[in-house]
Amino acid sequence: MSAATPQELVERALAASTADDCVVIIHDTTSANLRWANNTLTTNGQMSGRTATVVSFVASGDGVAAASTSGSATTVDEIAGIVRAADAAARLAEPAEDANPLVRDRTSSDWDEPATPTDITVYDSVAPALGEAFGRAAGAGRLLYGFVDHAVTTTYLGSSTGLRLRHVQPTGHFACTAKDTALTTSAWLGAATRDFADIDPLALDDELARRLAWAARRVDLPAGRYDTILPPTAVADLMVDTYWYAGARDAWEGQSVYSQRPTGTRIGERITDPGVHLMSDPTLPDVACTPFAVVGSSDSERSVFDNGLPLARTEWIRDGELTSLIQTRHTATMTEQPATPYIDNLVLEIDSGSGTIDDLVAGTERGLLVTSLWYIRLVDPQSLLLTGLTRDGVYLVENGEITGAVNNFRWNESPVDLLGRFTHASATTRSFSREWGADYFPRTATPALRIPDFNMSSVSQAM
């Protein structure tokens, strides 16, 4: 059969379902990418795909059961198979603990519009600049390795209760590593974007060249606690974990740093320095995201019953006080707090933050500038202790200037603790998490932070 439109797939799926209620989610995605190594473009590609998730709900005397099935779907036959599987699974499922009335009767003004695509022309200004950057780097003895990706996902969410919602989400990033020709030093830069109009490969290459020049002098330092400057990208790495582990249910059950043990949450308690604000807001221009809940399967932080729930600005930390945790309508009844669903962006603002990372360097007598973090893992959820490595550029700061490159370290820190210990912050800017930004959480805005006693627990051999 010929391909159906996303709207047709939604309507055919809803009509085909024999469950009591049904939610259909269609993701239509196109993407384009470029990859380079040794100052040469190596590959480029353009891809497209469409996936469908059907959530079926079956009522009984004991409650409402829910089950979901996902798969690739471009034709009516393909979506019909997914519907049959979801309906059958729901009939075999136990009543859902998170059952709530489904969201009703709301239609996006652009529901009837086709999916919005991207293609390789998104790089019309970036590609020539990359070519120039390759030539400059080769002439100066630098090797560039990197990747750019741009994807546009159009989401259609329809339900048997009258939802017809549509959202277009562009997502892009630039990542580049520079090395000297002897492959003894390296530096990394990444940036997030919606459309690549704000990406300047030549300016990014200039910064990579500056960082490699800092490494002309090598200084080996032991493990210890150092006055450390973290750039927005590294702060984004840490804040994403701060957010991901902020589930209300885990906190209520005593399993996280946000727990008031033995049972309860720390909502209403000051957990960081005053002047610290951590928030999500789907309407923020640079990091705008889906303004309604889209949930393919339930877990402790998300509920399929909340599909289509409107999302609004949510302050997780306000002026140092924990004000909200990620929770569904179901977990909100446990904590006796408003439902504050997961939102796909995150912003950290510091009242005293101003200037740039260069200003933080200029104000540091002796310390480290850590340009990126890598391989971050959770050690202890009850303190949110994380461990990870530094990579591609740790630099010694002396009397407000970079004086050399330093060996890499393994570090151990809690980001919640860091938000109570930092001494200086830059202004908040759009950032890109090296650890999580490419595949999981690309929409962040964070400042650089200076922490006086950052724990470099051991020396690492990582480059």
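The values are calculated or read from the model by the stated rules, or taken from the named source; none is laboratory data. Just so it is clear, the model here is predicted, and its values are computed rather than measured. Don't worry about glycine lacking a Cβ; one is built from the backbone with ideal geometry, like all the others, and counts go over all protein chains shown. Accessible surface areas use protein heavy atoms only, side chains included; no ligands, DNA or RNA. Shrake-Rupley method; radii C 1.70, N 1.55, O 1.52, S 1.80 Å.
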Task: Cut-off 17 Å, label 7 Å out along Cα→Cβ of ASP380, residues of the range 258-282 by amide N - done: 258-261
TODO: With the Cα gyration tensor of the range 338-391 in hand, convert its eigenvalues to equivalent ellipsoid semi-axes via √(5λ) and list them largest first in whole Å.
DONE: 27, 21, 11
TODO: Could you state how much accessible area ASP351 has, in square angstrom rounded to the nearest 10, with a 1.4 Å probe and all protein chains kept in place?
DONE: 110 Å²
Task: Calculated over the range 49-151: convex hull of Cα atoms, volume per residue (Å³) - done: 200 Å³
Open item on the list: Can you give me the Kirkwood hydrodynamic radius for the range 347-425, using every pair of distinct Cα atoms, in Å to one decimal?
Closed with: 14.0 Å
Task: Packing-based order for 356-368, 18-30, using average beta carbon neighbours within 10 Å, highest first - done: 18-30, 356-368
TODO: Would you kindly derive the ³J(HN,Hα) couplings of the range 323-330 from the backbone phi angles with the Karplus curve 6.51 cos²θ - 1.76 cosθ + 1.60 (θ = phi - 60°), listing them in order in whole Hz, with x for Gly and Pro?
DONE: 10, 8, 10, 5, 8, 7, 4, 5
Task: More than 22 Å apart - percent of Cα-Cα pairs taken over the range 276-434 - done: 56 percent
TODO: Principal axes first, then extents: for the Cα atoms of the range 59-115, list largest minus smallest coordinate on each axis, whole Å, largest first.
DONE: 41, 27, 13
- [ ] Could you work out how far helix 201-214 tilts from the main Cα principal axis of the chain, as a 0 to 90 degree angle to the nearest 10?
- [x] 40 degrees
- [ ] Quick one: which residues, 5 or more positions from VAL459 or on another chain, have an amide H under 5 Å from its amide H? H modelled 1.01 Å from N in the peptide plane, none for Pro or chain starts.
- [x] ALA223, ARG410
- [ ] Give, in nm to one decimal, the length gained when the segment between ARG261 and LEU183 is fully stretched (0.36 nm per residue of separation minus the Cα-Cα distance).
- [x] 23.0 nm
- [ ] Show the residues, 5+ positions off or on another chain, whose built amide H is closer than 5 Å to the amide H of PHE292.
- [x] LEU311
Task: Surface accessible to a 1.4 Å probe, TYR440 within the full protein complex, Å² - done: 140 Å²
Open item on the list: Suppose we look only past 21 Å in the calculated P(r) of the range 167-236. What percent of the Cα-Cα pairs does that tail hold?
Closed with: 43 percent
Task: Karplus-derived 3J(HN,Hα), 6.51/-1.76/1.60, for each residue of the range 242-259, Hz, glycine and proline x - done: 4, 6, 4, 9, 9, x, 5, 5, 4, 5, 4, 8, x, 10, 9, 5, 9, 8
TODO: At a 1.4 Å probe radius, which order do ASP87, ASP62, ASP227, ASP195 fall into by accessible area, largest first?
DONE: ASP62, ASP195, ASP227, ASP87
Task: Cα-based helix-to-principal-axis angle, 76-92 vs the chain, degrees rounded to 10 - done: 80 degrees
TODO: Using just the helices of the chain, give the 222 nm mean residue ellipticity in deg cm²/dmol: DSSP H runs with n ≥ 4 each add -39,500 (n - 2.57), and the total is spread over all residues, rounded to 500.
DONE: -6000 deg cm²/dmol
Task: Reciprocal mean inverse distance between Cα atoms of the range 1-117 - Kirkwood radius, Å - done: 16.2 Å
Task: Accessible surface, per residue, of the chain when the full set of protein chains is kept, probe 1.4 Å, Å² - done: 40 Å²
Open item on the list: Starting from the 7 Å offset along Cα-to-Cβ, what nm value, one decimal, do you get for the label separation of ASP195 and ALA3?
Closed with: 2.4 nm
Open item on the list: Accessible area of the chain with a 1.4 Å probe: how many percent of it is carbon plus sulfur?
Closed with: 50 percent
TODO: Leaving ligands, DNA and RNA out of it, work out the accessible area of HIS277 with a 1.4 Å probe and give it in Å² to the nearest 10.
DONE: 30 Å²
TODO: Would you calculate the separation in nanometres between label points at SER297 and ASP206, each defined as 7 Å from the Cα along the Cα-to-beta-carbon direction?
DONE: 4.9 nm
Task: Pairs of Cα atoms farther than 11 Å apart, the range 306-351, % - done: 69 percent
TODO: Grab the Cα-Cα distance for THR43 and GLU365, subtract it from 0.36 nm times how many residues apart they are, and report the gain in nm with one decimal.
DONE: 111.4 nm
Task: For the range 417-431, 3J(HN,Hα) per residue [Karplus equation, 6.51 cos²θ - 1.76 cosθ + 1.60, θ = phi - 60°, Hz, x = Gly/Pro] - done: 5, 4, 5, x, 10, 5, 10, 9, 9, 7, 5, 6, 9, 4, 10
Open item on the list: As an exercise, take the mean of 1/r over every pair of distinct alpha carbons in the range 219-307, invert it, and state the Kirkwood radius in angstroms.
Closed with: 16.4 Å
Task: Separation of alpha-carbon centers, the range 23-57 and the range 359-436, rounded to whole Å - done: 32 Å
TODO: Could you pull the Rg and Dmax for the chain, using just the Cα atoms, both in Å?
DONE: 24.0, 75
